[in-house]
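Enquirer: Structure below; questions to follow.
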Amino acid sequence: MSVVGIVPAGGSGERLGADRPKAFVVCAGRPLVDWSLEVLESVCDRVVVAAPAAYLRPGWVEAGPSRSASVRNALAAAPEATTAVVHDAARPLVKRDLVERCMAALEPGIEGAIAAARMTDTVKEAAADRRVLRTLDRSVLWAVQTPQVFRADVLQRALERDEMALAAATDDASLVEDLGGTVRVVEAPPENIKVTRTADLHMVEALLC
Ligand code: CTP
Ligand code: MG
C-alpha cells in the first residue's frame with residue numbers, strides 16, 4: 001500500500017483578499033500550507049502539493065483552474081499511490097488523529113471516507129425570493145470538511161471529467177459519488193475550520209498559538 005497526500009494549495013484566496021495566494025499567507029509564523037503539510041507528511045508515504053506557478057517547491061505540481069483540477073494534477077504525479085489523502089491547505093488545524101481515523105474508515109467496499117462535523121445550526125431550504133421552503137432534519141446532516149481519503153484508482157476515475165464539471169464540484173467525494181462510489185463520513189471536530197475570510201485567519205491564529 002502506498003499512501004499519497006494531496007494538498008490543493010492553488011487558489012488565489014479572493015475572499016481573503018491578501019497580498020498573495022491564501023495558502024502562502026503567513027499564519028502563526030509560517031505559510032498556511034505548511035501546517036497541513038507537516039501533518040500529512042507524518043502519515044503519508046509522500047505528499048504532493050498543487051500550488052500557483054510562482055510558489056512551486058521541489059516535487060510540487062502546478063495548480064489547475066479549479067480545486068478539483070488541482071487535485072487531479074497532484075494525483076497524476078503519484079501513479080504509485082493506492083490510497084489518496086486529500087486535504088486543503090486552507091484547513092491548518094487538522095490533526096494527525098483525524099487523518100488516521102479517515103484512513104481507517106476506508107474499509108473493504110468503501111471508496112471514500114471523509115471528515116465531517118455534525119450540524120449544530122438549523123438548516124432551511126429557501127427559494128430565490130428567500131421564502132423558506134422547508135426545514136431539513138438536522139440529525140442526518142453533516143458539514144463536510146477535509147481530509148477526504150479515497151482509493152486512488154477510484155479518485156483518478158472520478159476526476160476524469162471536463163474542466164466545467166470539475167469546477168462545479170465543491171469536494172472530491174461528490175465526484176466519487178457521481179460514479180456510484182460508496183462514501184462514509186467520519187466525525188470530525190467543528191474547529192477544523194477552513195480559512196476563507198480574514199476573521200477565519202484570526203480565529204485559526206488564536207487556536208494555533
Ligand atoms: N484550490 C486549488 N486550486 C484552485 C482553487 C483552489 O488548489 N484552482 C485550493 C485552495 O488553495 C484551498 C482549497 O482549494 O486550499 C479550498 O479552496 P478555497 O477555500 O475556495 O480557496 P481559494 O480558492 O484560494 O479562495 P477563494 O475561493 O476565496 O478565491
Ligand atoms: Mg475557491
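The values are calculated or read from the model by the stated rules, or taken from the named source; none is laboratory data. Keep in mind the model is a prediction, meaning the values are calculated, not measured. Please note: Cβ atoms are built from the backbone with ideal geometry, for glycine as well, and neighbour counts cover all protein chains shown. Ligands, DNA and RNA are stripped out before the accessible areas are found, and what is left, the full protein with its side chains, is counted by its heavy atoms. Shrake-Rupley method; radii C 1.70, N 1.55, O 1.52, S 1.80 Å.
Conditions (1) more than 18 Å from Gly180 (Cα to Cα); (2) touching a Leu at 6+ places or on another chain (Cβ under 8 Å); (3) open to solvent by 90 Å² or more (accessible area, probe 1.4 Å), marked per residue:
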position	(1), (2), (3)
Ile110	no, no, no
Ile114	no, no, no
Ala127	yes, yes, no
Arg130	yes, no, yes
Arg134	yes, no, yes
Val140	yes, no, yes
Ala143	yes, no, no
Gln148	no, no, no
Leu159	no, yes, no
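Enquirer: Separate question: Determine the pairs where a residue that is among the basic types (Lys, Arg), located within the stretch 136-163, has a partner that is open to solvent by less than 60 Å² (accessible area, probe 1.4 Å) and part of a strand (DSSP E or B) with Cβ atoms under 7 Å apart, the partner being 6 or more residues away or on another chain.
Expert: Arg151/Thr83
Enquirer: Next up: All but one of (1) assigned to a helix (DSSP H, G or I); (2) within 8 Å of ligand 1 (Cβ to nearest atom); (3) closer than 16 Å to Pro147 by Cβ; (4) not aromatic (Phe, Trp, Tyr) hold for Ala50; state the number of the condition that does not hold.
Expert: Condition not satisfied by Ala50: (1).
Enquirer: Among Ala77, Ala9, Ala105, which is surrounded by 15 or more Cβ atoms within 10 Å (Cβ to Cβ), in contact (Cβ under 8 Å) with a residue 40 or more places away in the chain and closer than 28 Å to Glu163 by Cβ? Before you say what the answer is, go through the steps one by one.
Expert: On the way: Ala77 fails: in contact (Cβ under 8 Å) with a residue 40 or more places away in the chain; Ala105 fails: closer than 28 Å to Glu163 by Cβ.
Step by step, each of Ala77, Ala9, Ala105 is checked, and only Ala9 is surrounded by 15 or more Cβ atoms within 10 Å (Cβ to Cβ), in contact (Cβ under 8 Å) with a residue 40 or more places away in the chain and closer than 28 Å to Glu163 by Cβ.
Enquirer: Out of all the residues in the stretch 12-41, which are within 11 Å of ligand 1 (Cβ to nearest atom) and either touching a helix residue (DSSP H, G or I) at 6+ places or on another chain (Cβ under 6 Å) or touching a residue at least 60 places away in the same chain (Cβ under 8 Å) (or both)?
Expert: If the condition is that a residue be within 11 Å of ligand 1 (Cβ to nearest atom) and either touching a helix residue (DSSP H, G or I) at 6+ places or on another chain (Cβ under 6 Å) or touching a residue at least 60 places away in the same chain (Cβ under 8 Å) (or both), then Gly13, Arg15, Leu16, Gly17, Lys22, Ala23, Phe24, Val25, Leu32, Val33 are the ones that fit.
Enquirer: Filter the stretch 42-55 down to residues that are touching a residue at least 12 places away in the same chain (Cβ under 8 Å) and open to solvent by 60 Å² or more (accessible area, probe 1.4 Å) and give me whichever is nearest to Thr196 (Cα to Cα).
Expert: Tyr55
Enquirer: Can you tell which of Asp97, Asp88 is open to solvent by 70 Å² or more (accessible area, probe 1.4 Å) and either in a loop (DSSP other than H, G, I, E, B) or of a type outside the set (Gly, Ala, Ser) (or both)? Quick ask: steps written out before the conclusion?
Expert: Values: Asp88 fails: open to solvent by 70 Å² or more (accessible area, probe 1.4 Å).
The conditions single out Asp97.
Enquirer: Answer yes or no: is there a residue in the stretch 65-72 that is β-branched (Val, Ile, Thr) and in a helix (DSSP H, G or I).
Expert: If we filter the stretch 65-72 for residues that are β-branched (Val, Ile, Thr), which is where we start, we get 71.
Those still in the list that are in a helix (DSSP H, G or I) too: 71.
Yes - at least one qualifying residue is present in the stretch 65-72.
Enquirer: Going by the conditions given, is Val61 under 29 Å from Glu160 (Cβ atoms) and of a type outside the set (S, T, N, Q)? First the steps, then the outcome.
Expert: On the way: under 29 Å from Glu160 (Cβ atoms): yes; of a type outside the set (S, T, N, Q): yes.
Yes: the conditions hold for Val61.
Enquirer: Could you grab me the full set of residues in the stretch 22-41 that are over 18 Å from Pro147 (Cβ atoms) and open to solvent by less than 20 Å² (accessible area, probe 1.4 Å)?
Expert: Phe24, Val25, Cys27, listed by residue number.
Enquirer: Here is a further query. Within the stretch 166-209, work out how many residues are assigned to a loop (DSSP other than H, G, I, E, B) and either modelled with pLDDT of 95 or more or under 26 Å from Val140 (Cα atoms) (or both). I'd like the intermediate steps shown before the answer.
Expert: Just the residues of the stretch 166-209 that are assigned to a loop (DSSP other than H, G, I, E, B), to begin with: 169-171, 179-182, 188-197, 209.
After this cut, where a residue has to be either modelled with pLDDT of 95 or more or under 26 Å from Val140 (Cα atoms) (or both) as well, the list is 169-171, 179-182, 188-197.
Qualifying residue count for the region: 17.
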